[in-house]
Structure formats: structure tokens, C-alpha cells
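What follows draws every value from the coordinates through simple rules; no lab data is involved. What you are looking at is a predicted structure, and each value in this text was computed from that prediction instead of being measured.
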Amino acid sequence: MTKTHPFITYLESRRDDRGLLAALRRGLGQPPGTVASMYRYVVPWLPGDAPLWCENAYYLVAALFAYHPTEGDKGNLGDHFARARALQGDDTAIERRFTALLATHPDDFSYYLRQAISFLKSQKSPVPVNWHQLLSDVMAWGHPDRREHVQRNWARAFWGRPAKETQTTEEE
């Protein structure tokens with residue numbers, strides 16, 4: 001079950017606030033926490049003792065949300081890419097893009113994640129994002145001990161078979 005983040009709930013409730021979204025989009029492609037227009041929307045939601053990697057996650061996800069404010073209620077980024085693959089039919093380019101994201105060094109993660117969200121937004125039928133899960137995953141990606149856990153979960157969601165399909169195969 002996805003943990004609900006009050007910050008994401010706040011962003012979702014303000015999805016139609018064009019001023020807020022514009023201020024947050026200014027953070028796209030910028031180092032987290034360096035765009036003054038974002039402070040008033042992000043700082044009140046930061047945990048008081050947040051380490052830098054946690055703070056960076058909030059700024060990154062806020063900017064990405066403002067870019068693609070269509071939220072989904074389940075799954076992780078692996079599930080979202082699997083859905084895009086199902087919509088397109090040809091998975092070679094999608095798999096290559098997804099593999100590059102999984103292999104990303106933490107220093108380059110924001111760039112590749114921005115490209116991933118842009119890809120999901122650009123689909124003929126834009127793929128919604130579970131922003132609550134993404135914030136949890138981005139915070140874990142930045143945490144020195146949890147990055148591999150996120151990578152494995154995304155990979156299972158993208159390449160794994162649904163439980164029902166696995167069960168049918170075992171019965172045969």
C-alpha cells in the first residue's frame with residue numbers, strides 16, 4: 001500500500017492553481033532548492049530535520065508534479081512504464097529508456113527522472129503518475145542505503161508478470 005504524503009495531497013489539491021504550478025515548474029532542470037519561487041510552496045512541508053537528500057526529493061517531485069499534474073492512485077514508476085509499453089506495443093525504446101533510468105547514478109537521477117516523466121506525459125493518452133509513491137521512491141533513491149530497493153521494485157513492476165498470470169502458468 002502506498003504511503004500518503006501530506007505534501008503530495010497538498011499539491012494535488014492545488015492542481016488547478018496556475019501560479020503555483022508555474023512557480024514550481026521553474027525548478028525543472030535546476031539544482032533542487034535553488035529556485036526562490038518554489039520556497040513558499042515546498043519549505044512549509046519539509047520535515048524539520050530533513051537531510052539534504054530528502055529536501056532535494058521534495059523540490060524535484062514538486063517541479064515534476066507541476067510539469068505533469070495528472071495523478072494515479074497505484075503503482076510505481078515501473079508500473080507506469082509498463083503501461084506506456086502496453087499502449088505503444090513496441091517496447092524496445094521504452095525498455096532502453098527505463099533501463100537507463102534504473103542504472104542512473106544518484107547525481108544524474110533528476111535529469112533522467114525528468115526525462116521519464118516527460119515521456120509519460122507525452123503519450124497519446126498521458127500516463128498518470130502515483131506521486132505519493134514517487135516521492136517515497138525518490139527519497140529512498142537519495143538515501144545511501146535504499147536506492148537498490150527502489151530499483152528492484154521498479155524492475156519487478158516493469159518486467160514482472162502479474163500474479164494471476166504466474167498462477168495460471170504454474171497450474172499448467
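Summary of computed values
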quantity: Distant-in-sequence amide H partners of Val129 (H built 1.01 Å from N, under 5 Å); calculated: Thr70, Glu71, Gly72
quantity: Note, ³J(HN,Hα) from phi for the stretch 146-156, Karplus 6.51, -1.76, 1.60, rounded to Hz, x at Gly and Pro; calculated: 10, 4, 4, 4, 5, 4, 4, 5, 5, 5, 4
quantity: Amide H partners (placed H, <5 Å) of Asp91, local residues excluded; calculated: none
